[in-house]
Structure formats: structure tokens, C-alpha cells
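A short reminder: the numbers here are calculations on the coordinates, not readings from a lab. Treat the numbers as computed from the prediction; the structure is a model and nothing was measured. Reconstructed Cβ throughout: ideal geometry from the backbone, glycine too, with neighbour counts over all protein chains shown.
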Amino acid sequence: MSDDTSDNNIGQADLAEPLRRALGERYLTYALSTIMHRALPDARDGLKPVHRRILYAMHRLRLASNGKFLKSAKISGDTMGDFHPHGDAAIYDAMARLAQDFNVRYPLVDGQGNFGNIDGDNPAASRYTEARMTFVAEALLNGLDENAVDFRDNYDGRLTEPAVLPAEFPNLLANGSSGIAVGMATNIPPHNIPELIDACLHLIRTPDARDETLLNYVPGPDFPTGGVIVEPKENIAEAYRTGRGSFRLRAKHEIEDLGRGQWQIVITEIPFQVQKSKLIEKIAELIQTKKVPILADIRDESADDIRMVLEPRSKNVDPDVLMGMLYRSSDLEVRFSLNMNVLIDGVTPKVCSMKEVLRAFLDFRREVLQRRSLHRMEKIDHRLEVLEGLIIAFLNLDRVIDIIRYDDAPKAALMREDWGRDFIRATDENDYVPPAETDAQSLTEVQAEAILNMRLRALRRLEEMALLNERDALMEERAGLEDLLENEGLQWDRISDQLKTAKKTFGKDYAGGVRRTAFAEAGQIEEVPLEAMIDREPITVVCSQMGWIRAMTGHIDLNRELKFKDGDGPRFIFHAETTDRLLVFGSNGRFYTVSAANLPGGRGMGEPLRLMVDLPNEAEIVDLFIHRPERKLLVASSAGDGFVVPEAEVVAQTRAGKQVLNVRAPTRARVCKPVTGDAVAVVGENRKVLVFGLDELPEMGRGKGVRLQKYKDGGMSDATTFTLADGLSWRDPAGRTRTESNLAEWQGKRAGTGRMAPRGFPRDNTFT
């Protein structure tokens with residue numbers, strides 16, 4: 001009993017597995033499965049398993065490029081049921097992409113029906129569409145029935161599928177690929193097949209060629225939607241050398257002359273993987289928000305080709321300036337990343353250079369050539385064996401007829417007959433003499449079977465000459481194949497000939513064989529300020545106490561009575577120009593920038609300023625004024641801390657604004673005033689005034705600042721700058737301007753407490 005217990009414990013110990021190891025092994029299995037069977041393409045044929053299985057299923061269904069179409073649902077169903085058990089929807093999506101000429105440089109599927117469009121519309125359901133292979137796909141499959149590649153069991157072991165396709169051209173670079181695996185990704189742009197073949201031929205001639213020389217044959221990607229590559233050549237060379245990089249791709253445009261100085265821009269090609277409808281929506285949004293003020297309108301006049309019309313706001317606008325702004329603000333210019341992460345041998349993922357990818361393809365083509373040659377030799381050997389038997393039959397035709405006619409076992413009799421002796425024709429069954437019983441065989445089973453299956457019409461004397469000629473031709477072909485397999489140079493010559501044939505097939509005479517993507521210099525686009533592109537017109541800026549802002553046309557009377565919402569009233573009103581930029585200073589210490597040209601019109605009540613910039617609800621508007629780059633500003637908080645900041649450094653580039661004065665609740669920003677003169681006057685909530693020299697304040701770009709005035713209770717109420725010699729002025733409650741020239745009583749060092757305000761100083765403790 002004890003022995004049994006110990007045995008059970010041993011069994012349990014053998015089955016036990018640490019959780020860390022179990023999870024690690026299972027995660028590794030999942031990661032490798034994702035990398036090898038889903039995400040990364042094979043460098044040899046450039047296909048992922050799902051694409052390879054789709055093409056093989058279509059091959060088994062005999063969907064040739066010149067044949068009939070078949071329902072897509074049938075194709076995806078067969079692919080799922082026999083080879084790829086991952087859902088027919090995913091399979092159909094992959095097949096539909098192979099049929100889209102705007103997504104694939106050389107489509108592998110010929111679709112009939114709605115397979116989607118460049119606007120981003122999805123394909124129709126698989127029951128409504130039909131498909132067949134293209135001529136390009138057939139080039140990938142050529143040699144599949146000649147033992148060119150290995151086959152492996154499918155997922156359930158019922159059938160076999162090719163581990164890779166023979167691929168007559170470097171499809172990985174021709175059509176590109178993209179995918180995301182576990183911990184890695186791939187993104188390969190498409191290229192031009194004739195250019196890739198030229199690079200391959202160069203590698204055959206010069207195996208140790210440098211990566212840079214390949215650019216003489218493959219200058220860059222060739223996208224199906226065309227466009228213009230503006231990436232510098234040195235960057236392209238570096239990307240192809242390392243397998244990582246990016247390409248700047250722009251839309252192709254033309255300038256149409258409309259006469260009388262009028263013109264418009266027509267976009268004829270858009271960047272790769274950019275949806276035309278979303279691109280138009282984005283540009284329309286730029287027009288609406290006036291982020292490109294020199295653009296008036298956009299129209300889509302596309303039919304089978306791309307035609308997007310851009311109308312400038314003025315004929316005096318430079319087209320290059322307009323396109324430069326659109327390149328920066330929209331997807332008319334994109335950056336396509338390169339990450340050439342592939343399965344270099346079908347198993348190992350590796351980031352490869354262009355040379356490594358082409359070398360992997362060429363080595364694979366040599367392997368395919370050797371396997372097809374061996375397969376052909378086996379076929380020739382089999383045929384030669386049959387021909388030898390047929391020739392013997394023709395030389396001894398009468399004896400063969402007697403054996404077939406009178407012998408009970410003609411096949412065995414043919415095999416053991418001595419065909420080197422003379423025969424006498426039998427006149428009947430009794431006259432027939434069967435071959436002697438012996439273990440020796442003069443004919444093989446294959447030869448005997450071929451003789452028995454010979455057709456009667458082949459029993460012609462002239463057929464013997466045809467057989468002899470066929471035998472001689474096959475023997476000559478076999479000798480050539482033997483020489484080919486023994487000589488590496490002959491193999492590369494044969495591969496070169498095959499590649500030249502493929503180049504001719506997919507060259508300029510092939511539909512879509514000509515390069516579509518052009519190259520150009522990006523050029524230096526001058527930074528033109530928006531103010532220079534906006535018509536300069538006078539306006540009156542009005543902002544209410546609740547923060548509703550509008551722009552009245554023209555310079556109206558500032559004392560004019562205006563309408564506001566119930567419970568609201570005027571706060572800021574001043575004259576400006578449409579070319580001005582307005583600065584908004586919030587109580588949170590941030591500056592916000594608003595273009596005067598983007599302000600709502602003055603017909604209504606305007607719009608909340610908080611919707612135009614990201615001003616928090618708890619923050620108040622401290623000041624609103626026109627931006628003057630040459631000025632300096634005095635900013636200060638309610639705690640009495642402040643500094644001087646150049647106005648040019650407070651301009652914000654985003655809606656979020658720019659933090660300048662650092663404040664922490666309950667402290668708030670309170671003062672923002674232009675710096676004038678040589679002295680600073682500060683008044684606290686305790687009505688004490690302090691005057692000190694402006695040179696005691698530091699000039700900063702951002703910070704808390706230094707203490708302006710010291711308070712026992714309360715905080716700072718207001719601060720201003722002035723010229724000490726001219727005295728300090730303010731407006732009394734009666735509206736009269738008073739000036740105090742003798743300020744010795746209130747002068748002191750910065751951070752002092754100060755003295756009580758002069759007689760007649762406003763009760764709200766502010767300088768006006």
C-alpha cells in the first residue's frame with residue numbers, strides 16, 4: 001500500500017509545473033504563432049498565410065485569370081474550411097484588399113462587383129461579389145505542380161497546403177506588406193517590378209554589391225495611388241540599408257489657368273492609404289475654422305480618376321504658399337514608415353535591408369529551379385522508360401499482338417519475354433507458344449502497362465520514328481538538366497533569363513507597369529504669417545463681462561450703446577484690425593492667443609471666448625488686448641508676486657495657452673499691464689501704496705516672480721508702471737484725473753509695506 005502511495009506521489013510530481021513556466025511557455029507559443037502564421041510575411045513569396053491560402057484555394061477551384069468568376073462566399077468558405085479556420089469575414093476582408101487597385105500595387109485578385117473604393121467605403125457582402133485570380137497571382141503559383149516547394153498538412157490533416165509559393169518575382173517588395181505581431185511590427189511599401197528585377201539582375205552579376213548601388217535601380221517606393229516622394233536621397237538610402245526609416249509622400253497637383261489672372265489647383269493623385277472623403281472633410285474643416293484663410297473652397301469632381309479642386313480666396317495668393325500650408329495642416333502630405341521586419345527563412349523574424357530581402361528571394365528562386373529541374377528529370381526518366389518499351393513493341397509488333405491475343409496473363413508474359421530472339425507469328429491459339437518461365441524480366445512493369453494501354457491508331461509504322469525522335473529529344477533535354485544542376489553559373493543564367501521574361505511581362509506594356517510615384521525636392525517653404533494672408537479691415541472688438549466676444553465691422557464709437565444678454569454688460573471694447581492677434585490673460589496665469597480674423601461677427605451676441613480657447617470655467621479673464629511684439633508686460637498675482645515678461649514670449653501656439661505666471665489656489669493672477677516709464681506703483685487691499693524703481697523687477701519668461709509689496713492682511717489690489725518724473729496719475733471718483741508728483745512719502749524698496757494712499761485715491765484701490 002505504501003508502494004502504491006509513493007508511486008502516485010511520483011506521478012503527481014512529474015505532472016506538476018510551475019505557474020511562471022507554464023504561462024511563459026504558453027505566451028511564447030502564442031507569440032510565435034502570431035508572428036509566423038498571422039502578422040509577418042515570408043521574404044520568399046511576400047505573402048502572409050491567409051493570402052497564400054486564399055490563392056491556393058482559388059488555384060484548386062481553377063479560377064484562372066482567363067476563366068469564369070466564382071462567388072466570393074464560395075472562395076472564402078473553401079479557404080476557411082480547408083486551410084484557414086479563422087473566420088470567413090477576416091478571409092473575405094483579406095481577399096477584398098488583394099482586389100483593390102488603390103491598396104495593392106499589383107492586385108492578385110480580379111474582383112467583379114463592389115470591392116470598396118478610395119473614399120473608404122467597405123466592400124459589398126461576399127454573397128454579392130465574384131472573383132478570380134489575376135495574371136500576377138498566376139505568376140506567383142507557376143511551378144506549384146512541379147514539386148517547386150514543400151507541402152505541409154493543413155490544420156486538420158485532411159489535406160496539404162504549400163508552405164510557400166514559387167513566386168516568379170519579388171512580391172514582398174512589389175506589393176508591400178503591413179502587420180502587427182507580438183512585440184514587433186512590419187510596414188513595407190510597394191515597389192515597381194521592373195525596377196526590382198533590375199536590382200536582382202545586378203545582384204546576380206555582382207553578389208557583393210553595396211546597398212547604395214541598388215538605388216540606381218530602385219530609387220524608392222512606387223505607390224498604387226501615385227503621389228510625389230520628397231524624401232532626400234540620403235534618407236532613402238539609409239532606410240533601405242537599415243530596414244527602418246520613412247518616406248515623405250505628397251499629393252500631386254496641377255495649376256489650371258482660368259484666364260484673367262484667375263487660377264485653381266487640381267489634385268490629381270493623393271497619398272497612399274489616405275481616404276479621399278476624409279481628406280476632403282479635413283480640408284473643409286480647415287476652411288471653416290479659417291486655419292488656412294487663403295483657401296476659399298474645395299470641390300470633389302472625381303469620377304474614375306482623382307480630381308479635387310482647390311479655389312484660392314484671392315488670385316494674388318502664391319500657389320506654392322497655399323500648398324505649403326495644406327501640406328502642414330492636412331493629409332496632402334503624409335509620412336510612410338518603413339519597417340522591413342519579415343520571416344527571412346519562413347521561421348525567423350528579422351529586420352532586413354533591401355539587399356537582404358532580394359538575396360533571400362534569389363536564393364529561393366535557385367532552390368525552386370533545382371527542384372523543378374529534378375522533377376522534370378524524374379518525368380523524363382519515366383517517359384524514357386516508357387519509350388524504350390514502346391520501341392521494343394514496334395520492333396516486335398507481331399509477337400506483342402500474339403501475346404495480347406492468346407496469353408492468359410499478357411502483362412507478365414510481356415515482362416518475361418526474351419525480345420532479342422526471332423519470333424514466328426502464331427496462326428491460332430493452339431499455335432501460340434508462351435514465353436518461357438523465368439525470373440528474369442526484359443520489360444519493366446511500367447513498360448508492359450504502357451504497351452497494353454497503347455491505342456490501336458498508334459500502331460503505325462511512322463510512329464516508330466516519332467518515338468525515336470522523342471527519345472532523342474528527351475535524352476538531350478536530360479543531359480542539359482544534368483549540366484544545369486551541376487553548374488552554379490548555368491543556374492544563375494537560367495534565373496536571369498526567367499527574371500528578364502518576368503520584366504518583359506510586367507514592364508511598360510503591362511497595364512500598370514509604368515512607375516506611378518514621382519520624385520521631387522521638398523523645397524523650402526517660407527513661413528508666411530497669417531496676418532499677411534488676411535485682408536486688413538478695421539473692426540471693433542467687444543467682450544462682455546460674461547466673456548462673450550464679437551467683432552463689429554469698422555471702427556465704431558466706443559461709447560456707443562450695445563446690446564448684451566440679460567444680466568450681462570460691456571467690459572472690453574477697443575478698435576483693432578483683422579490682421580491683429582489678441583492676447584487673453586486668465587486668472588490662472590496663462591496667456592491665450594486669438595486671431596482677430598476668427599472672431600464671430602457683430603450681428604449677434606458673439607460666442608463665448610472659452611469655446612475659442614481652453615480657458616477653464618473657474619478661471620476669469622484678467623485682460624484682453626492687441627498683441628504688440630515690441631512691448632513688455634508687468635504681470636502680478638493677488639499675493640503680490642510679479643515680474644516683467646517680453647510680450648513676444650507670451651504668444652501661445654495652441655488652444656491650451658501658455659503658462660507664464662505660476663499661481664496656486666487661492667492665489668490668482670490679477671495684473672497684466674504694458675510697461676512704461678521707470679517706476680512701479682503697487683497698491684494693496686489695505687490701501688497702502690508702494691513706489692519703487694522698475695529696475696528692481698526681474699525680466700523672466702515664466703515663473704512665480706518676486707515680491708512686489710508685503711502684506712500683513714489681504715493681498716495686492718493693483719499695480720502699474722509710470723515715469724517717476726511725471727508723477728503718478730489716477731482718476732478720482734468724480735472722473736477727474738489727479739497727478740501726485742511728490743512721491744517721496746511712498747517711495748521705498750521693493751517688498752516694502754508702503755504708506756496709506758494719497759487723498760482722493762479711488763476707493764476700489766485701482767490705478768486707472
Based on the alpha-carbon set only, what is the convex hull volume of the chain divided per residue, in Å³? 338 Å³
Out of every Cα-Cα pair in region 278-364, what percent are more than 18 Å apart? 59 percent
Net charge near Thr427 (other residues with Cβ under 14 Å of its Cβ; Lys, Arg +1; Asp, Glu -1) is -2
Can you quote the Å³ per residue value for the convex hull of the Cα atoms in region 534-620, rounded to an integer? 90 Å³
Among Met80, Gly567, Gln747, whose Cα projects farthest towards the positive end of the dipole of the chain, with charges put on the beta-carbon of Lys, Arg (+1) and Asp, Glu (-1)? Gln747
Just to confirm the filter: which GluC sites (Glu not before Pro) across region 288-384 are DSSP coil and have at most 16 other Cβ within 10 angstrom of their Cβ? Glu301
Which value in nm describes the separation of the simple spin-label points at Arg152 and Ala436, placed 7 Å from the Cα toward the beta carbon? 5.7 nm
Per DSSP, loop trypsin sites (Lys or Arg not before Pro) in region 575-645 with at most 16 further Cβ within 10 Å: Arg603, Arg631
Estimated inter-spin distance, Asn316 and Asp568, nm [label 7 Å along Cα→Cβ]: 3.5 nm
Going 7 Å from the Cα of Asp381 along its beta-carbon direction, which residues of region 470-507 have the amide nitrogen within less than 14 Å of the resulting point? 478-479, 481-482
Compactness ratio of region 365-500: Cα Rg over 2.2 N^0.38 Å, N = residue count? 1.39
Under 12 Å, Cβ to Cβ, from Arg610 - net charge with Lys/Arg +1 and Asp/Glu -1: -3
Cα→Cβ-extended label distance, 7 Å offset, between Asp305 and Asp764, nm: 6.7 nm
Dipole size in debye (nearest 20) for region 365-500 around its Cα centre, Lys and Arg Cβ +1, Asp and Glu Cβ -1? 760 debye
Longest principal axis of the chain (C-alpha) makes with the long axis of helix 233-242 (C-alpha) an angle, in degrees to the nearest 10, of 60 degrees
What's the FRET efficiency of Val266 with Thr289 using the Cβ-Cβ distance as r and R₀ = 25 Å, to the nearest 0.05? 0.60
Potential extension, Arg707-Val347 segment - 0.36 nm per residue separation minus Cα distance: 122.7 nm
For Thr160 and Gln370, compute 0.36 nm times the residue count separating them, minus their Cα-Cα distance, and round to one decimal in nm. 73.4 nm
Compute the FRET efficiency between Ala473 and Asp398 as 1/(1 + (r/R0)^6), taking r as their Cβ-Cβ distance and R0 = 35 Å, and round to the nearest 0.05. 0.80
Given only helices, namely DSSP H runs of n ≥ 4 each adding -39500 (n - 2.57), what is the per-residue ellipticity at 222 nm of the chain, to the nearest 500 deg cm²/dmol? -10000 deg cm²/dmol
In this structure, the FRET efficiency calculated for Lys68 and Ile255 from their beta-carbon separation, with R0 = 56 Å, to the nearest 0.05, is 0.75
Looking at region 200-269, which trypsin sites (Lys or Arg not before Pro) are DSSP coil and have at most 12 other C-beta atoms within 10 Å of their C-beta? Arg210, Arg260
